[in-house]
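A.B. asks: Structure provided below as structure tokens; questions to follow.
The values are calculated or read from the model by the stated rules, or taken from the named source; none is laboratory data. All of these numbers come straight from a predicted model, not from anything done at the bench. Here the Cβ positions follow ideal geometry from the backbone for every residue, glycine too, while neighbour counts run over all protein chains shown.
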Amino acid sequence: LDAFDPAYATELGRKAEFLGAEDVARLVVALDDGDVGGVRPELVDRLWRSVIFQLRGGAEVYAGLQEKGLGNPLILPSETRTLASMTRALNRRAPSDRRFEPLVDALVRLGRGDGWGSTQADASALLALGRHIRSWLEELAQSDLAADPESDAGCVVRQLKRRRDKLARLPQDLVEETARTASASHHAWA
């Protein structure tokens, strides 16, 4: 398949109300990556409506998903995978939304210790965080601080530009390493 079919994407967008949050997030990423002319705002709104936020210490924090079967107190790998997919989709669509950073914080917090719970959840989380880091680095590179070669940000940007190819591959390398590790662990126990 050489090209993304805009008609198919439009039809999927119309049926988004029947899709779960993870599928809507994947659709948003596909539309972004397929360069088909923009994501309908109601898809992004649907993602935000899928998330439960609570106030803790005066700050909004991630408290789970609205979807049936995923909102229990235990964070299942499937919820982590859905959260990662949503974070990846919202990174381009709403990075400045006040609710975005709590999603990133929750994703990082859920991965502490031994990872996110499954190989799929690990890969999804790494792809989402990789996209977030790339966006942050691009924003830093375009900032006024980066323009001043004597500033700390300017020095960082120069170093990052030297390593651009390596950074561009970072998320894919992490996913491949995760898959190799999981495969080696599976064979060791088999």
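A.B. asks: Identify all residues within region 49-64 that are closer than 18 Å to L27 by Cα and buried (at least 17 other Cβ atoms within 10 Å of the Cβ); write none if there are none.
C.D. replies: Applying the first criterion (closer than 18 Å to L27 by Cα) to region 49-64 yields 49-51.
Answer for region 49-64, where residues must be closer than 18 Å to L27 by Cα and buried (at least 17 other Cβ atoms within 10 Å of the Cβ): S50, V51.
A.B. asks: Continuing with this model, one more query. Given (1) modelled with pLDDT under 90; (2) part of a helix (DSSP H, G or I), where does T87 come up short, assuming only one miss?
C.D. replies: Of (1) modelled with pLDDT under 90; (2) part of a helix (DSSP H, G or I), only one is false for T87: (1).
A.B. asks: I would also like to ask the following. Could you check, for region 101-109, whether at least one of its residues is more than 17 Å from the chain's Cα centre (by Cα), surrounded by fewer than 18 Cβ atoms within 10 Å (Cβ to Cβ), modelled with pLDDT under 90 and outside any loop (DSSP other than H, G, I, E, B)?
C.D. replies: Within region 101-109, not a single residue is more than 17 Å from the chain's Cα centre (by Cα), surrounded by fewer than 18 Cβ atoms within 10 Å (Cβ to Cβ), modelled with pLDDT under 90 and outside any loop (DSSP other than H, G, I, E, B).
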